[in-house]
Amino acid sequence: MVVEATLPVSYSLPLNNLLFPLNDLLGKTLKLKFMQQIHCVACKKPIKKSYQDGYCFPCTQTLAQSDICIIKPERCHFHLGTCREPDWGQHHCMAPHIVYLANASGIKVGITRKTNIPTRWIDQGAISAMPLYEVPNRRVSGLVEIALAQHVPDKTNWRKMLSGQTEEIDLISLSKNLLKEVASKFDEIYEKFGAQALKLIEKPVMVKLEYPVLEYPQKITSLSFDKKETIEGTLLGIKGQYLIFDIGVLNIRKHSGYVVAVHA
Ligand SMILES: [Zn+2]
């Protein structure tokens, strides 16, 4: 899904190179029919089964964007000269990254490329977020995240995120305590990468995000085109990467590359 950080967030589905706006469909019936075709999101080849949310198996073995360091940024190995696609790595990983705090299902720490803010926060269904540090590359962001993850979780509970029961947290005041606790943990990073490697964001702003949701589900049922060819229901909301129907929730990202006919 393509997102825009309006209040509430605007969602659209890319269909045949056009953007199909979803917010207007709230409260209406939406029918999505899987056409039994999947195309790898990278090489576009037809596939029977997708891996890592949209790739064919060969692409997961050769592309930098499918490498283990995408899930574990601290394992970025660009500096060793072993990046699967150095040009891609140069652009995506050897670029400024932000270490942030977000509240999607409670507080969590995360990292993303600087240019991915606030899209990354919206993808996670965060109701608020704030940047903590700017670092020069992906690897350093991963190392900082690990140090912070000893004090705050680094995962989102998507069921809680979709329940709409996330309580508001004052991230700014919470971050002050957190920064005191972790201050001594970064000596190794400074030693290895220099004093400039970790820039604390001065006077950070806590961004608040609202999602187009009429009603949150009481019970969360996960829908999938792998189990059901046609998904039809009343669209009750959109949050994170999920469409919330009256009959269950559909993770759109998981179905990247699936060919789907939309009847609204
Ligand atoms: Zn492929």
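Structure notes:
- Residue within segment 44-65 that is away from the ligand (no atom under 16 Å from the Cβ) and either surrounded by fewer than 17 Cβ atoms within 10 Å (Cβ to Cβ) or closer than 21 Å to T119 by Cβ (or both) present: no
- Some residue of segment 105-119 being open to solvent by less than 40 Å² (accessible area, probe 1.4 Å), out of contact with any Lys or Arg (no Cβ under 6 Å at 6 or more places or on another chain), away from the ligand (no atom under 16 Å from the Cβ) and not assigned by TED's automatic domain parsing to the domain that holds R138: no
- Residues in segment 39-49 that are touching a Phe, Trp or Tyr at 6+ places or on another chain (Cβ under 9 Å) and either outside any loop (DSSP other than H, G, I, E, B) or within 20 Å of G125 (Cβ to Cβ) (or both): H39, I47.
- Checklist (1) crowded, with 20+ Cβ neighbours inside 10 Å; (2) assigned to a loop (DSSP other than H, G, I, E, B); (3) of a type outside the set (D, E, K, R) applied to I220, failing item: (1)
- Any chance L101 is open to solvent by 20 Å² or more (accessible area, probe 1.4 Å) and either more than 11 Å from the ligand (Cβ to nearest atom) or at pLDDT 95 or above (or both): no
- With respect to (1) assigned to a loop (DSSP other than H, G, I, E, B); (2) buried (at least 21 other Cβ atoms within 10 Å of the Cβ); (3) of a type in the set (D, E, K, R), the lone exception for E168 is condition (2).
- Residue check, L80 of a type in the set (A, V, I, L, M) and open to solvent by less than 70 Å² (accessible area, probe 1.4 Å): no
- Residue within segment 211-225 that is modelled with pLDDT under 95 and among the charged types (D, E, K, R) present: yes
- Residue in segment 18-29 that is under 13 Å from F225 (Cβ atoms) and surrounded by 13 or more Cβ atoms within 10 Å (Cβ to Cβ) present: no
Rundown of residues vs (1) at pLDDT below 95; (2) more than 16 Å from the ligand (Cβ to nearest atom); (3) in a strand (DSSP E or B), yes/no style:
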position	(1), (2), (3)
Y11	no, yes, yes
P14	yes, yes, yes
F20	yes, yes, yes
G27	no, yes, no
Q37	no, no, yes
H79	no, yes, no
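- Residue identified as loosely packed, with under 15 Cβ neighbours inside 10 Å, in the same structural domain as Q196 (by TED's automatic domain parsing) and within 18 Å of the chain's Cα centre (by Cα) among I71, I122: I71
The values are calculated or read from the model by the stated rules, or taken from the named source; none is laboratory data. As the structure is a prediction and not an experimental result, all values here were calculated from the model. Here the Cβ is made from the backbone with ideal geometry for all residues, glycine too, and neighbour counts use every protein chain on show. Each accessible area value is taken on the protein alone, full model and side chains, heavy atoms only, with ligands, DNA and RNA left out. Shrake-Rupley method; radii C 1.70, N 1.55, O 1.52, S 1.80 Å.
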